[in-house]
1. Exactly one condition in (1) within 17 Å of ALA8 (Cα to Cα); (2) exposed (fewer than 15 other Cβ atoms within 10 Å of the Cβ); (3) aliphatic (A, V, I, L, M) is false for MET55; which is it?
2. Which condition does GLY17 not pass, out of (1) outside any helix (DSSP H, G or I); (2) buried (at least 16 other Cβ atoms within 10 Å of the Cβ), if it passes all the others?
3. Return the residue satisfying two criteria in turn: it lies in segment 58-102 and is surrounded by 15 or more Cβ atoms within 10 Å (Cβ to Cβ) and among the aromatic types (Phe, Trp, Tyr), and of such residues it is nearest to ALA26 (Cα to Cα).
4. Hey, any hits in segment 42-61 for a residue that's touching a residue at least 60 places away in the same chain (Cβ under 8 Å) and touching a strand residue (DSSP E or B) at 6+ places or on another chain (Cβ under 6 Å)?
5. Are any residues in segment 50-101 in a loop (DSSP other than H, G, I, E, B) and either among the acidic types (Asp, Glu) or in contact with a helix residue (DSSP H, G or I) (Cβ under 7 Å, 6 or more places away or on another chain) (or both), and if so, which ones?
6. Suppose we keep only residues that are of a type in the set (Ser, Thr, Tyr) and under 11 Å from the mean Cα position of the chain (by Cα) within segment 3-51. Which one would you say is farthest from ASN81 (Cα to Cα)?
7. Listed residues ALA8, ALA18, ALA67, ALA28; which is in contact (Cβ under 8 Å) with a residue 40 or more places away in the chain and not hydroxyl-bearing (Ser, Thr, Tyr)?
8. What number of residues within segment 20-48 are out of contact with any helix residue (DSSP H, G or I) (no Cβ under 8 Å at 6 or more places or on another chain) and surrounded by 13 or more Cβ atoms within 10 Å (Cβ to Cβ)?
Amino acid sequence: MPRYGILASHEPNSCPGANQQVREFAEAILVRMDEISKKHGVEMGELLHLDPSHMTFGTATAPSIEAVRDFVLEACLDQWNNVQVYPVTPVQELMQVMAERPRLY
């Protein structure tokens, strides 16, 4: 199944560490993350915070990028974050693909 990288960032004024309203909202969503991800066929890896920035990243395995998008939207992660989702490739696989491609230089 395809893998995806998820990057999320927010401004300091919408940080759950500083904004009580966002914190309460985020805590309520975190409780439901497993339920929401399963609904969309998304298997989430660990979400990690990039200290001390206002950025989080994680990985997901899902049938499609649309499934990840639907998970992000239902989890409301976009309501206090700028969320970016990317298809990802393990570096070993990428190196094999690159070995078979013609070189520009």
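1. Against the list (1) within 17 Å of ALA8 (Cα to Cα); (2) exposed (fewer than 15 other Cβ atoms within 10 Å of the Cβ); (3) aliphatic (A, V, I, L, M), MET55 comes up short only on (2).
2. Single failed check for GLY17: (2).
3. It comes out as TRP80.
4. Looking only at segment 42-61, we keep the residues that are touching a residue at least 60 places away in the same chain (Cβ under 8 Å), and these are 61.
After this cut, where a residue has to be touching a strand residue (DSSP E or B) at 6+ places or on another chain (Cβ under 6 Å) as well, the list is 61.
Checked against the condition, which is being touching a residue at least 60 places away in the same chain (Cβ under 8 Å) and touching a strand residue (DSSP E or B) at 6+ places or on another chain (Cβ under 6 Å), segment 42-61 yields at least one hit.
5. Our first condition is that a residue be in a loop (DSSP other than H, G, I, E, B); within segment 50-101, this holds for 51-54, 62-64, 75-76, 80-81, 88-90, 101.
Within segment 50-101, ASP51, HIS54, ALA62, ALA75, CYS76, TRP80 meet the criteria.
6. Step one: of segment 3-51, the residues of a type in the set (Ser, Thr, Tyr) are 4, 9, 14, 37.
Remaining after also requiring under 11 Å from the mean Cα position of the chain (by Cα): 4, 9.
Numbers: TYR4: 17, SER9: 5 Å.
Per the stated criteria, the residue is TYR4.
7. Details: ALA18 fails: in contact (Cβ under 8 Å) with a residue 40 or more places away in the chain; ALA67 fails: in contact (Cβ under 8 Å) with a residue 40 or more places away in the chain; ALA28 fails: in contact (Cβ under 8 Å) with a residue 40 or more places away in the chain.
One residue alone meets the criteria, ALA8.
8. Here is the first cut: in segment 20-48, the residues out of contact with any helix residue (DSSP H, G or I) (no Cβ under 8 Å at 6 or more places or on another chain) are 20-21, 23-24, 26-28, 30-35, 38, 45-48.
Still in the running and surrounded by 13 or more Cβ atoms within 10 Å (Cβ to Cβ): 23, 26, 32-33, 45, 47.
Within segment 20-48, residues that are out of contact with any helix residue (DSSP H, G or I) (no Cβ under 8 Å at 6 or more places or on another chain) and surrounded by 13 or more Cβ atoms within 10 Å (Cβ to Cβ) number 6.
Each value in this text was obtained by applying a stated rule to the coordinates, not by laboratory testing. Keep in mind that this is a model prediction, so the values were computed, not measured. Glycine gets a Cβ as well: all are built from the backbone with ideal geometry, and neighbour counts include every protein chain shown.
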